[in-house]
Amino acid sequence: MIYEAIIGLEVHAQLLTDSKIFCGCSTKYGSPPNAQTCPVCLGMPGVLPVLNKKTVEYAVKMVLAVGGRINEESFFARKNYFYPDLPKGYQISQYEKPLAYGGFVEIDLSHGKPKVKRNKRIKIERIHLEEDAGKSIHIENKDSKTLVDMNRCGVPLMEIVSQPDLSSPEEAYLYLGKLKQLLEYLEICGCNMEQGNLRCDANVSVRPEGEKNLGIKTEVKNMNSFKGVEKALNYEIERQIDILKSGGRIKHETLLWDEEKEKVSFMRTKEVSPDYRYFPEPDLVKLVVKRDWIEKIKRTLPELPDHKKERFLKKYKIPEYDASVLTSSKNLADFYEEGLKFYSAPKILSNWIMGEVLRELREKRCEIGDLRIKPEDLAGLLMLVDDGIISGKIAKDVFKEMVDTGRKAKEIVKEKGLVQVTDKGQIEKVVEEVLKKNKENVNEYLSGKEKLFGFFIGEVMKKTKGKADPKLVNQILKEKLKR
Amino acid sequence: MELNHLRAWELKKLLESREVSSREVLESVLDRIKSDGKSINSFITLMEDGAQKAALKVDKKRSSGKKLGALAGIPVVVKDNICVKDNLCTCGSGILKNFIPPYDATAVELLKGEDAVIVGKTNMDEFGMGSSNENSYFGPVKNPYDLKRTPGGSSGGSAASLASDMSILALGSDTGGSVRLPASFCGVVGLKPTYGLVSRYGLVAFASSLDQVGCLTKDVKDCAMLLSAVAGYDQRDSTSINIVRKDYTKSWEDDLKDIKIGVPKEYFGGGLNKEVKENVLKGIEALEREGFKTLEVSMPGTDRSIAVYYVLCMAEASSNLARYDGARYGFRTKETFDLDLMYKKTRTKGFGDEVKRRIILGTYVLSKGYFKAYYQKAQKVRTIIKKDFDRAFEKVDFLITPTSPTTAFKLGEKIEDPLTMYLSDVYTTSANLTGIPAISLPCGKDSFGLPIGLQIMGKPLSEELLLKVAYTFEQNLKR
């Protein structure tokens, strides 16, 4: 029997506001423990929450980006449970009427093969606002203890709940990537899963293909990276299928993903899961988001990735794959367009960004903004190639040096004497030397072993330290070997 | 002349004409507290040093000709669930017996801004939960009229301080009658303002949608003075009403002839003590003689208000009191380091019986499977009660009722029977459920010499007119 998986994701995105959701404390990451706290976020007796309007604005941006419906009136609610890092004994969240319902994102299942274009819509169930809890730090030694850091307590979170539209771990991975892309474009979330500013829980069930009823689902928590989500879901789906195949039954329970052991462990069954006793938060009034405010926010939205991609296709006539890669992040797309202000061959610049630039980012594990090369500098380098001053091969070496030192291409080329040799006479001389030295090879070549042509080119380039214009070398060699 | 027997508006004149100093006024109050404070037990914290410094500061400011606030040099006591920076704020509870807030409540900040002299923090039922003041970790407050009797709760310490001349003004809080009931039992004036008129910032929450800081005073003019000081929009309280600040002390002599007063018949039925009823009816007749038109109205939702009130206040309390878990401040058990056990032991030991009863019941009504039947239903009935009042206020401007079915009962009389105790609030909870202003005024005494309270309720934000009607009533009663 073939089984299919049904997955829904609950994504928590920390919003990049300067202050917390219900008080004026800073949200900066990495401060000393409990330095960014006040009586309000510490939940001391008698204090009251006041909603930070900016958090609503940010969440509205996301709702608009996915085409959701904003409720003109929504409500905050208390989610009650005891934990030392939850100072009020309840989390202020939204429950019965959240900020927004609906909307969707599209994921691209063509695997970079533009000919098998296959998009899938993943519907959003709801988007709401809530506050983060503090952090418990468990110290395990002989007198083990738990310390709490309340800096994160009250940091604004936006929860995005998908419908169970995802049918594979790969789709979940792509969906998360798409959300991340949108959040980054909107500049409302840091999107670093390792730092915890993007978090994700999954609801997973499987059923025999063709079956209409849903299987019993489990909830998987604690997935701390994009790859982790994919791995955890793969693991859990297989686990569930194995159970069903051997005649067992899935238990409705909550599981924790262990990144190191690469397996899930049991956390609690749903029967004993806490009853959060949600009820409307009496310390806050209803949240009213008026039409004209939404319109105002709409006008501040940046060009979103799908639009940008379409525009790149039309305006720069680059292949679809290039457009997808270049618009995958706003910074990359901005880098590309900035470069085009100084350099007018879109495809060549695209090749360089997708090749050399992205390779650097992967190797250095950094963002494009961290590289010391600016778009106009890359353009300058490419112009040196176009003008025949350096060869493409040398340009790659120069590029590496530019990235590391932040120096300009011209400077490096000049200082290291990398200017291409385009003097025909000079090259002819070298060619003649090479042919003289390798008489046997010349004879072999002339008797039909044409593969040796590359060898001659290599020798000439070696002698000129790579500086000879390859086109000229090619041309002269062909002439000389004809005779 | 004993200064501590005077009203705030009388003292204000004496202070402004420099016939007396703030220090002298404070001294008279402190002397009184020192002689009888222990037997009345109305204070949890006496802020003698702070008060003396504040009084001295006012005197200096006055002698140097600086501008002074409206309550300059007037002693005020503050219920112990309203935060005064750097002073204990126990809420009458063992779980907060060592808690010192690093902030002022907005109402306290405003009092300080008006140069009032804060004398101490008054005793109360734990977290405001009680009608007799017997639920205090620090022992019950005694009624100055009869030390064997309750002063009413939960702002019993504030009311008893005024009745025994240990203060001039007092702040209380009213969630279901906690200002008005003790005012009635102690023969003073008690006002619960419109919900949102006085900021709740710094008032330790019992039931957030019902709690309101209130004024306890010796007469209506004082009440207007105190309200003028503490009322006003506060951006730290999202439920605070954004209106321009008012001076409620301005005029008392308006023509009130067109005002209609409703007498809801449901408030005069079974369970109402005969002497209380007679006195309140006499009070209503007095108002008629002043020219007010009165008419009987019907409020059929009245008998449900107690049930609705207790469901909702317990639900909110169960959540509001979750923060007292021993993890960060307040009392913590030393018996264990196991987290769950620490919570259990801390809360079992730290809270008193009534508080635990309400937390348990409140948790129950919010639980899965019961939420609809209790919490949601109570919210629906709350809306019905509101409509009752809206309808009545289409016909009349104010409603007059007794404040409580009885006068002050004996300590120990009802403490073993919570349901009977809850019925003490039968006439007061509706004003909290609907958010309207309500004032309790002294209205004669019963045959034991115990004060009787009359309650006037008005439309939201009608405090200005409400105080004028109350003043007219008070003046009439004096004659």
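Where a number appears in this text, it was derived from the coordinates with a stated rule and is not lab data. Since the model is a prediction, treat every value here as computed from it, not as a measurement. Neighbour counts are summed over all protein chains in view; Cβ atoms, including those assigned to glycine, are modelled from backbone coordinates with ideal geometry.
Other residues within the sphere of radius under 15 Å centred on the Cβ of residue B:396, judged by their own Cβ, net out at -1 (K and R +1, D and E -1).
For the range B:3-230, DSSP calls about 60 percent of its internal beta bridges antiparallel. Each residue of the range A:53-61 was assigned a 3J(HN,Hα) from its phi angle through the Karplus expression (A = 6.51, B = -1.76, C = 1.60, θ = phi - 60°), giving 4, 4, 5, 5, 4, 5, 5, 4, 4 Hz with x at Gly and Pro. Between residue B:148 and residue B:97, the modelled label-to-label distance comes to 3.0 nm, taking each label 7 Å out from Cα in the direction of the beta carbon.
What percent antiparallel are the DSSP beta bridges of chain B, to the nearest 5?
Bridges in chain B that DSSP calls antiparallel: roughly 65 percent.
Take the convex hull of the alpha carbons in chain A; its mean projected area over all directions comes to 33.4 nm². Enter the Cα centre distance for the pair the range A:322-347 and the range A:5-45, rounded to the nearest angstrom. Cα centroid of the range A:322-347 versus Cα centroid of the range A:5-45: 35 Å apart. Using the Cβ-Cβ distance between residue A:414 and residue A:321 with R0 set to 41 Å, the FRET efficiency works out to roughly 0.65. Residues whose amide H lies under 5 Å from that of residue B:404, counting only those 5 or more places away or on a different chain, are B:453; hydrogens are built 1.01 Å from N in the peptide plane. For the range B:270-276, the Karplus equation 6.51 cos²θ - 1.76 cosθ + 1.60, evaluated at θ = phi - 60°, returns couplings of x, x, 8, 4, 4, 5, 4 Hz by residue, with Gly and Pro reported as x.
Compute the orientation-averaged projected area for the protein assembly as shown from the convex hull of its Cα atoms and round it to one decimal in nm².
For the protein assembly as shown, the mean projected area of the Cα convex hull comes to 55.3 nm².
Remark: the range A:137-151, residue by residue, has Karplus-estimated 3J(HN,Hα) of 10, 8, 9, 10, 8, 5, 10, 4, 8, 10, 10, 10, 10, 9, 4 Hz, where x stands for each Gly or Pro and the curve is 6.51 cos²θ - 1.76 cosθ + 1.60 at θ = phi - 60°.
Of all lysines in the structure, those lying under 18 Å Cα to Cα from residue B:386, and not within fewer than 8 positions of it along the same chain, are B:192, B:265, B:377, B:395, B:459. Neighbouring Cβ atoms from other chains, within 10 Å of the Cβ of residues in B:235-242, number 4 on average. Counting Lys and Arg as +1 and Asp and Glu as -1 over every other residue whose Cβ lies under 10 Å from the Cβ of residue A:276, the net charge comes to +3.
Checking every one of the trypsin sites (Lys or Arg not before Pro) in the range B:127-211 against DSSP loop status and a limit of 14 other Cβ atoms within 10 Å picks out B:148.
Within chain B, the proportion of C-alpha pairs whose separation exceeds 38 Å stands at 19%. The range B:383-414 and the range B:47-65 have their alpha-carbon centroids 41 Å apart. Taking 0.36 nm per residue of separation and subtracting the Cα-Cα distance, full extension of the segment from residue A:18 to residue A:266 would add 85.6 nm.
For residue B:352, the residues whose modelled amide H falls within less than 5 Å of its own, excluding neighbours fewer than 5 places apart on the same chain, are B:94. Using the Cβ-Cβ distance between residue A:4 and residue A:258 with R0 set to 25 Å, the FRET efficiency works out to roughly 0.45.
Centroid-to-centroid, using Cα positions, the range A:438-465 and the range A:369-429 are 27 Å apart. What net charge is computed for the residues neighbouring residue B:247, neighbours being all others with C-beta under 13 Å from the C-beta of residue B:247, Lys and Arg scored +1, Asp and Glu -1? Its environment carries a net charge of +1.
Every Cα-Cα pair of the range B:31-138 was included, and the share exceeding 17 Å stands at 56 percent.
Cross-link partners of residue A:120 among aspartates and glutamates, defined as those whose alpha carbon lies under 15 angstrom from its own and excluding same-chain residues fewer than eight positions apart: A:106, A:108, A:165, A:170, A:171, A:306. Spin-label model, residue A:314/residue A:249: points 7 Å from Cα along the beta carbon direction are separated by 5.7 nm.
A quarter of the convex hull surface defined by the alpha-carbon atoms of the range A:440-483 gives 2.9 nm² as the mean projection. Among the GluC sites (Glu not before Pro) within the range B:1-97, those in coil by DSSP and having at most 11 neighbouring Cβ atoms inside 10 Å are B:2, B:19. Checked against a 26 Å cut-off, the cross-linked pairs A:20/A:374; A:286/B:368; B:13/B:60 give Cα-Cα distances beyond that limit for A:20/A:374.
Peptide packing for B:435-442, B:169-176 was compared via the average number of neighbouring C-beta atoms within 10 Å per residue; ordered from the highest value, the list is B:169-176, B:435-442. Residues whose amide H falls under 5 Å from that of residue B:117, counting only those 5 or more places apart or on a different chain, are B:73, B:74, B:76, with hydrogens built in the peptide plane. Here chain B is scanned for chymotrypsin sites (Phe, Trp or Tyr not before Pro) in DSSP loops (not H, G, I, E, B) that have at most 12 other Cβ atoms within 10 Å, and the longest stretch holding none of them is B:1-336. Note on B:320-329: average number of Cβ atoms from other chains within 10 Å of each residue's Cβ is 6.
Would you calculate a helix-derived [θ] at 222 nm for chain A, using -39,500 (n - 2.57) for each DSSP H run of n ≥ 4 and dividing by the full residue count, to the nearest 500? Result for chain A: -12000 deg cm²/dmol, rounded to the nearest 500.
Longer than 23 Å from Cα to Cα, which of B:121/B:468; A:97/A:178; A:221/A:251 are they? Say none if no pair is. Flagged as over cut-off: B:121/B:468; A:97/A:178.
For the range A:218-271, the list of trypsin sites (Lys or Arg not before Pro) that fall in a loop by DSSP and count at most 13 other C-beta atoms within 10 angstrom reads A:249, A:251, A:261. Relative to the dominant Cα principal axis of chain A, helix A:226-245 is inclined by about 60°. In chain A, the longest principal axis of the Cα atoms and the axis of helix A:424-437 are about 80 degrees apart. Estimated purely from DSSP H runs of n ≥ 4, each contributing -39500 (n - 2.57), the mean residue ellipticity at 222 nm for chain B is -12000 deg cm²/dmol once divided by its residues. FRET efficiency for residue B:2 and residue B:48, Cβ-Cβ distance as r, R0 = 25 Å, nearest 0.05? In this case the efficiency is close to 0.80. When both bridge partners sit in the protein assembly as shown, DSSP labels roughly 80% of those beta bridges antiparallel.
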